[in-house]
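> Could you have a look at this structure, given as structure tokens, before my questions?
What follows draws every value from the coordinates through simple rules; no lab data is involved. Nothing here was measured: the structure is a model prediction, and the numbers come from that model. Ideal geometry is used to build each Cβ from the backbone, glycine not excepted, and the neighbour counts take in all protein chains shown.
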Amino acid sequence: MSGRMYLGGIIGLTGLVLSQLPATAQTYPSRSIRMIVPIAPGSVTDVAARLMAQELTDRMGQPVIVENRPGANMVIGGAECAKAAPDGYTLCVVSPDTMSFNPFTIPNLPYDPDRDFRPVTNMYYVIEGLVAKQALPANSVAELRTLAAARPDALNFGTLGARTTTDMYRLWLGELWKTSFVGVPYKGGSEIIGALLSGTIDVAKIGVGNMAGQLDSGKLKVLALRSQGRNARLPNVPTLAEAGLAGFPGGPIFWGMMVPAATPDELVKRLHSELVAVIRGPKFTAFGQAQFVEPDGSSPEQFAAFLKEDRVNAGKLLKLYAGEK
């Protein structure tokens, strides 16, 4: 066979393969992509999503636009994603509340986590802190326990809504300490931090990244961290385990990426590849260190298995506090 015939055969074979690929894979993306974030602007989750959107824009050659759809324990954002066209042009940011808790707690939930979504990757885990307002007369977990035990229902605890992970922690902490906190719901971490700064609420368990800019101001007090070990930025703050709060049965706070369920395989693979490159890239790694998040970048299969286990744990946790307020 001559070189010209051989080359012609290669070109012909390549053309045949390309012609057999779905048209969407060959042209995707050809327009802007929206990323639905089910929480209010300004939180560390929102900032992370916007950083990812910019990085994806640069990598994919089309604008990736963040749409905040907060409220109703993240049901609004979840429902918007579930009804979106499965064409790769809607990305769905999800949390434990969206995927694990709402199926148990929201009657007539307008989406089905299994039927309506397809996993792409778990983006990151949140390093949380048990945080108190500056004026609260408690400077440690032990002092907070003494104060709360002496004043049942006197301390306000910021949450993301009834029966969310933050609310479950409030109930668990009250039971552990044989007292009770009043839950006060907000739409996002930035609102909770604002309420702590203004003194509207007394304490919350919240992603520390939401208050990264306040760490050196002395306006808020981080009493303990949910993390594997002590954090380099807060070396004097104990972990929850060190402070005697290791027993909470809920899983870690995660933020992952899904797409509508019927999104084609080739688009899921493309999105996974691009997202993992962003998550493990230098900009997001630096962001994670500064904002107290731990980047992940799991495979779709790993994320699906994680979600299944997390929902089982959520069901067990909710059963423990059935009927609690």
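> Extending each Cα 7 Å along its Cβ direction at residue 178 and residue 154, get the distance between those two points in nm, one decimal.
1.8
> May I ask which residue of 161, 64, 27 lies farthest towards the positive end of the charge dipole of the chain, with charges of +1 (Lys, Arg) and -1 (Asp, Glu) on Cβ and the Cα centre as origin?
Positive-most Cα among the choices belongs to 161.
> Between (i) 6, 28, 36, 23, 7, 1, 0; (ii) 5, 23, 30, 25, 14, 3, 0; (iii) 6, 25, 32, 20, 9, 4, 3, 1, 0, 0, which matches P(r) over Cα pairs in 10 Å bins from 0, in percent calculated for the structure shown?
Checked against the structure: label (iii).
> About the Cα centre, and with charges only on the beta carbon of Lys, Arg (+1) and Asp, Glu (-1), how big is the dipole of the chain? Nearest 20 debye, please.
240
> Show me 257-263, 240-246 ranked by packing, highest mean number of other Cβ atoms within 10 Å first.
My ranking of the peptides, most packed first, is 257-263, 240-246.
> What list of ³J(HN,Hα) values in whole Hz, one per residue of segment 85-96 in order, does the Karplus curve 6.51 cos²θ - 1.76 cosθ + 1.60 (θ = phi - 60°) give from phi, with Gly and Pro shown as x?
Running phi through 6.51 cos²θ - 1.76 cosθ + 1.60 with θ = phi - 60° gives 5, x, 10, x, 9, 10, 9, 10, 7, 10, 9, x Hz.
> If one computes the Cα centroid of segment 72-91 and of segment 107-172, what distance in Å separates the two points?
24
> Determine the shape class of segment 181-320: with a ≥ b ≥ c the square roots of the Cα gyration tensor eigenvalues, call it rounded for a/c under 1.5, and otherwise prolate if a/b is greater than b/c, oblate otherwise.
prolate
> What's log10 of I(q)/I(0) for segment 131-226 at q = 0.11, 0.16, 0.21, 0.23 Å⁻¹, Debye sum over Cα points only, no solvent?
Here log10 of I(q) over I(0) equals -0.27, -0.58, -1.04, -1.27.
> Collect residues whose amide H, placed 1.01 Å from N in the peptide plane, falls under 5 Å from the amide H of residue 121; neighbours closer than 5 in sequence don't count.
Excluding prolines and chain starts, which carry no amide H, the hits are 257.
> Give, as a single signed number, the net charge of other residues whose beta carbon lies under 13 Å from the beta carbon of residue 207, with Lys and Arg counted +1 and Asp and Glu -1.
In short, -2.
> Place a +1 charge on the Cβ of each Lys and Arg in segment 166-261 and a -1 charge on the Cβ of each Asp and Glu, then give the dipole magnitude about the Cα centre in debye, rounded to the nearest 20.
120
> Output the DSSP H helices from the chain with an along-axis C-alpha extent of no less than 15 Å and a mean Kyte-Doolittle hydropathy no less than -1.0.
Going by DSSP H runs, the hits are 3-20, 44-60, 165-176, 265-279, 300-320.
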